[in-house]
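See structure below.
The values are calculated or read from the model by the stated rules, or taken from the named source; none is laboratory data. Please read all numbers here as calculations on a predicted model, not as lab measurements. Positions of Cβ are generated from backbone atoms using ideal geometry, with glycine treated the same way; all protein chains shown enter the neighbour counts.
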Amino acid sequence: MIRFLVFSDLHYDEVTDGDNRIEEILADAQKRELDFIVSLGDLCTPIKENQRVLERFKSLGIPFYNVIGNHETDKCILSEILDFYAINNPYYSVICNGYKLIFLNTCYLSKDGEEEIFYNKNFKCEGTVYPIIPLEEIRWLQEELKDGMKSIIFSHHSFINDFTKRGIYNREEIRKKFVKKQVLLCLNGHDHGDDYSIVDGIPYMTINSANYAWLGTQIASSRELQE
């Protein structure tokens, strides 16, 4: 058995009450006997000044795992993100109490058949397909699932969101690889709303934002929202 706390899309740099939100999460975590905590991406800009954000979560002495979100890539290259989170690879797995925790990186795009990681909103260039999980990572994932361990999949983007450029583009291909494996649950963030579906017997759950609801880019002001 494992117990964990998961949250997503804190967007620490973009809101005025980021520290308060962190304290609320930590206060809840302290009430429970947790094996680990997971951020499903878009935690904060991965720069030196934000190391204190990580230190607050690590202060509980509970393992704290991170998934890379699209906003981590807005201003920082991959090596800077990896250094910030002190991880060696953008996708990785760990074992906890007999369960395998698989942390994916879904922040890739494809253009003219070439795969590349997100950086500086390059996914918005004409002709791009995104978000995707690249072939190399798919091969790695297949190997991770071969041992038959009970697994939980963590990602920033969704395997079930069918809206263009919101859910993982090659999601159906990858979902098929979960079938008849010991995948217990898939968790993601990014969409700033809750969702729950079961596909081929596997639960897929979208976790809402720890900070705000995203209403899109068409509303220019709070006055328009009120109207």
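In table form, for the structure just shown:
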item	result
One residue from 68, 62, 81 being under 18 Å from the mean Cα position of the chain (by Cα), part of a loop (DSSP other than H, G, I, E, B) and either exposed (fewer than 14 other Cβ atoms within 10 Å of the Cβ) or at pLDDT 95 or above (or both)	68
Pick from the range 15-47, criterion touching a Cys at 6+ places or on another chain (Cβ under 9 Å) and more than 20 Å from residue 103 (Cβ to Cβ), ranking: surrounded by the fewest Cβ atoms within 10 Å (Cβ to Cβ)	47
Qualifying residue in the range 170-187 (condition: under 22 Å from residue 107 (Cβ atoms), at pLDDT below 95 and either under 15 Å from the mean Cα position of the chain (by Cα) or surrounded by 13 or more Cβ atoms within 10 Å (Cβ to Cβ) (or both))	no
Residues of the range 3-61 satisfying the condition of being among the acidic types (Asp, Glu) and within 24 Å of residue 121 (Cβ to Cβ)	9, 13, 14, 42, 49
Within the range 163-207, tally of residues that are among the acidic types (Asp, Glu) and assigned to a loop (DSSP other than H, G, I, E, B)	3
Condition check for residue 25: out of contact with any helix residue (DSSP H, G or I) (no Cβ under 7 Å at 6 or more places or on another chain), of a type outside the set (Asp, Glu), within 22 Å of residue 7 (Cα to Cα) and in a helix (DSSP H, G or I)	yes
